[in-house]
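See below for the structure under consideration.
The values are calculated or read from the model by the stated rules, or taken from the named source; none is laboratory data. This is a predicted model, so every value here is computed, not measured. Cβ: placed from backbone, ideal geometry, glycine included. Neighbour counts: every protein chain shown. For the accessible areas, the whole protein counts, side chains as well, though only heavy atoms, and no ligand, DNA or RNA atoms are used. Shrake-Rupley method; radii C 1.70, N 1.55, O 1.52, S 1.80 Å.
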Amino acid sequence: NKCDNKEQWIRITEGCPNNCPYCYEPKEYKIYPIPNIKRKQVKIMDMNLLCKPEAKNIIKELGKTSAQFELICGIDYRFMDQETADLLKQNRFKNIRLAWDWAFSKQKKIKQVIEMLLKSGYKNKDIMVFMICNWKIPYIENMLKLDLCKVWGVKVADCWYDNQISPDIKPIYWNIDQIKRFRKAARK
């Protein structure tokens with residue numbers, strides 16, 4: 001729980017059942033008390049909040065404040081349903097990030113979640129798709145995913161494997177030209 005003059009950053013839960021090979025989140029669940037909300041803009045640092053059975057209640061409790069919330073980590077499509085999409089919108093969650101870390105073949109599932117979010121009242125410009133880059137998902141497959149996001153009218157956030165940050169991204173599974181091309185295309 002930290003604040004500056006504008007924003008507050010909080011963490012309410014820990015743990016994720018997925019055990020993804022590129023992620024450092026532990027499997028063990030922990031739930032912390034919701035801290036006192038002191039700012040109008042609150043960024044929630046939880047990894048995979050929606051996988052917790054308490055997620056809907058946490059969203060509702062946060063909504064009792066007058067703050068706007070932003071989930072910094074991508075939403076796991078496997079835990080999204082229409083009720084949750086509606087709760088996020090009703091309780092002032094903005095700049096929705098949706099994780100599409102796996103294969104292009106998950107496109108129908110990702111599209112379903114985008115449709116749920118749109119039905120709940122979000123606009124295309126409010127939705128961003130996270131993609132892990134420079135990992136075992138091939139460059140060409142991420143480019144296909146990027147093309148679909150363009151068709152769907154949603155933004156893309158390129159998340160670089162091993163917590164790398166531009167401009168210091170080192171080639172691991174992709175080469176440097178692929179890294180540069182993907183970053184440029186994602187920004188476009």
Report summary line: Probe 1.4 Å, heavy atoms of protein chains only: per residue, the accessible area of the chain in Å² is 55
Report summary line: Expected field for K40, accessible surface area in Å² at 1.4 Å probe radius, rounded to 10, holds 120
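From Cα pairs below 8 angstrom and at least 6 apart in sequence, can you work out the relative contact order of the chain, rounded to a whole percent?
The value is 15 percent.
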Query raised in the report: What's the carbon and sulfur percent of region 66-124's accessible surface, probe 1.4 angstrom, rounded to a whole number?
Result: 49
Query raised in the report: How big is the Cα convex hull of region 96-188 in projection, averaged over all directions, in nm²?
Result: 5.5
**Report entry** chymotrypsin sites (Phe, Trp or Tyr not before Pro) within region 1-94, DSSP loop, no more than 10 other Cβ atoms inside 10 Å
**Finding:** Y24
Query raised in the report: Taking the Cβ of Q68 as the center, what net charge do the other residues with Cβ under 13 Å away carry, scoring Lys and Arg +1 and Asp and Glu -1?
Result: +4
Query raised in the report: Using bins 10 angstrom wide from zero, how does P(r) for region 20-170 break down, in % of all Cα pairs?
Result: 10, 40, 35, 14, 1
Report summary line: Expressed as a percent, the accessible surface of region 1-57 that is carbon or sulfur, using a 1.4 Å probe and the full set of protein chains, is 50
Query raised in the report: Once you have the alpha carbon radius of gyration of region 130-173, what is it after dividing by 2.2 N^0.38 Å, with N set to its residue count?
Result: 1.18
Report task. Enter the mean projected area of the convex hull around the alpha-carbon atoms of region 19-67, in nm², rounded to one decimal. Result -> 4.0
